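The values are calculated or read from the model by the stated rules, or taken from the named source; none is laboratory data. All figures in this text were calculated on a predicted structure; none of them were measured in a lab. Here Cβ is always computed from backbone atoms with ideal geometry, including for glycine, and neighbour counts include all displayed protein chains. Ligands, DNA and RNA are excluded from the accessible area calculation, which covers all protein heavy atoms including side chains. Shrake-Rupley method; radii C 1.70, N 1.55, O 1.52, S 1.80 Å.
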Amino acid sequence: MINVAVNGYGTIGKRVADAVVQQPDMKLVGVSKTRPNHEAKTAGGKKYPLYVVKESKKSFAEAGIEFEGTVEEMWDSADVVVDATPSGVGVRNYELYKGMRTPVIVQGGEAKDSVESSFNARANFENSIGKNLVRVVSCNSTGLARLLTPIEETYGIDQVRVTLIRRGADPGQPGKGPINDVILDPVYLPSHHGPDVKSVLPNINIDTLALKVPTTLMHVHVVNIALEKDTSKEDMCRLLSGESRIHMVAEEEGIKGIAGLKELALDLERPRGDLWENCVWEESVSVKSKEVYLFQAIHQEADVVPENIDAIRAIVNECGQEESMNLTDKTMGMGLRR
Ligand code: NAD
């Protein structure tokens with residue numbers, strides 16, 4: 001059993017903790033909180049061992065929330081720590097607790113140059129074997145790496161151009177926006193996403209532009225790929241349908257936007273309405289003179305969760321890519337029933 005601790009029980013951390021307890025080869029040894037809020041209470045309700053930062057011991061005691069100990073104690077009892085604290089805090093924590101020699105997985109908000117390797121299960125699982133500090137790339141980069149890897153393997157890629165229409169905030173962040181704007185983020189090229197994708201697929205030529213819009217549901221990518229070898233729409237759709245973490249949205253589903261996808265996830269009683277898969281609209285896939293166009297949607301709160309599970313197995317060298325991805329897919333219930 002791999003003893004896993006989750007430091008930072010927020011949007012990503014609570015989902016990773018839930019996925020860890022589903023794994024037959026992992027044990028959740030603790031989750032940590034800084035504040036005694038509703039998430040701390042929910043973790044207690046799920047019987048997750050709760051740890052707190054030293055400075056918050058008093059506030060948790062006053063709120064009547066029981067905890068096992070401090071973050072240092074949790075860190076020490078783990079074989080791997082998944083750090084899902086806010087951007088910039090993850091690598092700082094790694095430096096802080098380095099003496100404990102526990103390998104750490106941080107998230108996409110950390111700088112790509114501050115880690116030993118960046119991770120995407122489909123693109124570069126092997127690169128993180130035996131490393132001490134691994135970063136699961138951001139939700140957008142995860143979605144692009146999953147899409148581009150099989151296309152590069154099968155047809156070769158000359159150039160990728162992506163416009164990312166990004167959700168303004170997560171549903172639990174009412175203070176963030178925009179609420180009435182379309183923000184060019186940034187105004188110039190490239191957005192940080194292209195270079196980030198290259199941290200897991202270094203040989204891909206990719207340019208990205210990004211906009212932020214008033215929705216909390218999902219990101220949408222407008223993708224154009226110039227291929228080395230020609231193909232047909234049918235073959236491209238067949239290739240992408242064969243990927244366990246890509247859902248091809250069929251015409252008969254009648255889904256024309258991200259609200260419909262979220263409704264589907266809720267109807268299927270997915271936990272928290274999560275979509276772990278990229279959602280590629282089959283109808284949007286067009287192939288013209290070795291160029292592919294398509295739309296895909298990415299659920300920002302969810303797609304990195306299976307990747308964290310695979311990164312745990314890679315870092316401790318538990319098993320290979322295929323075995324890990326298959327096990328994660330099976331235990332989490334990957335694949336949307338039509
Ligand atoms: P979040 O704010 O929802 O959760 C962070 C949690 O960490 C909070 O519960 C906070 O109280 C806790 N925390 C803060 N400092 C801490 C500390 N020193 N020790 C322990 N806990 C601490 O953040 P999030 O959205 O889950 O993002 C976490 C990371 O995941 C970031 O790097 C982010 O860029 C990345 N990420 C986020 C998304 C997304 O859409 N939310 C998607 C992919 C990757």
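The residues of the range 117-136 that are touching a strand residue (DSSP E or B) at 6+ places or on another chain (Cβ under 8 Å), charged (D, E, K, R) and away from the ligand (no atom under 12 Å from the Cβ) amount to a single one, K131.
Restricting attention to the range 73-116, the residues that are in a loop (DSSP other than H, G, I, E, B), away from the ligand (no atom under 12 Å from the Cβ), among the aliphatic types (A, V, I, L, M) and under 19 Å from the mean Cα position of the chain (by Cα) total 0. The helices (runs of 4 or more DSSP H) falling completely within the range 133-248 that include 2 or more residues that are among the hydroxyl-bearing types (S, T, Y) and closer than 30 Å to E116 by Cβ map to 139-155. With the structure loaded, tell me whether D310 is open to solvent by less than 40 Å² (accessible area, probe 1.4 Å), in a helix (DSSP H, G or I), more than 16 Å from the ligand (Cβ to nearest atom) and not hydroxyl-bearing (S, T, Y) or whether it fails that test. When the stated conditions are applied, D310 does not pass them.
Picking from residues in the range 46-72 that are basic (K, R) and closer than 15 Å to V6 by Cβ, the one that is nearest to the ligand (Cβ to nearest atom) is K46. With respect to the conditions (1) touching a His at 6+ places or on another chain (Cβ under 6 Å); (2) under 28 Å from N127 (Cβ atoms), I157 lacks only one, and its number is (1).
Here is a yes/no grid of residues against (1) touching an Asp or Glu at 6+ places or on another chain (Cβ under 6 Å); (2) within 23 Å of E318 (Cα to Cα); (3) open to solvent by 60 Å² or more (accessible area, probe 1.4 Å):
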{"residue": "E68", "(1), (2), (3)": "no, no, yes"}
{"residue": "E72", "(1), (2), (3)": "no, no, no"}
{"residue": "D79", "(1), (2), (3)": "no, yes, yes"}
{"residue": "V91", "(1), (2), (3)": "yes, no, no"}
{"residue": "L96", "(1), (2), (3)": "no, no, yes"}
{"residue": "R101", "(1), (2), (3)": "no, yes, yes"}
{"residue": "Q107", "(1), (2), (3)": "no, yes, no"}
{"residue": "S114", "(1), (2), (3)": "no, no, no"}
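Among the residues of the range 145-193, the one identified as within 14 Å of the ligand (Cβ to nearest atom), surrounded by 20 or more Cβ atoms within 10 Å (Cβ to Cβ) and small (G, A, S) is A145.
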